[in-house]
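Remarks on the structure that follows.
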């Protein structure tokens, strides 16, 4: 199973979760966990997604999510769960 962690930060507005979850759905990517919060007008979302059933490459998914973020005026960071776990073992 290959998983990614997606972090989205920016000014809160309607449709952020819908746009990102819809994009992942279009790539057959399953959201396994999601947390979101609005702090003084700043939207913060962290989600864990399983990309193992997607025919899209992780690099393509990353580029498209980052582009979606730019279009919406949001900062998007996409990380491999395996890389994050390895960093914490060092």
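What follows is calculated from the coordinates using simple rules that are stated; it is not laboratory data. Quantities reported herein were computed from a predicted structural model and do not represent experimental measurements. Don't worry about glycine lacking a Cβ; one is built from the backbone with ideal geometry, like all the others, and counts go over all protein chains shown.
A few points about this structure:
- Which of 61, 7 has the fewest Cβ neighbours within 10 Å, and the rest in rising order: 7, 61
- On Cα atoms only, tilt of 58-72 relative to the major axis of the chain in degrees: 0 degrees
- The length gained by stretching the chain between residue 80 and residue 42 to full extension, at 0.36 nm per residue less their Cα-Cα distance, is 11.2 nm.
- Expected 222 nm ellipticity per residue - DSSP helices of 4 or more, -39500 (n - 2.57), all of the chain, to 500: -12000 deg cm²/dmol
- Mean separation of Cα contacts under 8 Å, 6 or more apart, over the residue count of the chain: relative contact order %: 42 percent
- Here 11, 46 are placed in order of increasing Cβ neighbour count within 10 Å, fewest first, which gives 11, 46.
- Exposure proxy order (Cβ contacts within 10 Å, fewest to most) of 40, 33: 40, 33
- Mean separation of Cα contacts under 8 Å (6+ apart) over length of region 1-53, as relative contact order %: 53 percent
- Degrees between helix 16-26 axis and first principal axis of the chain (Cα, 0 to 90, nearest 10): 30 degrees
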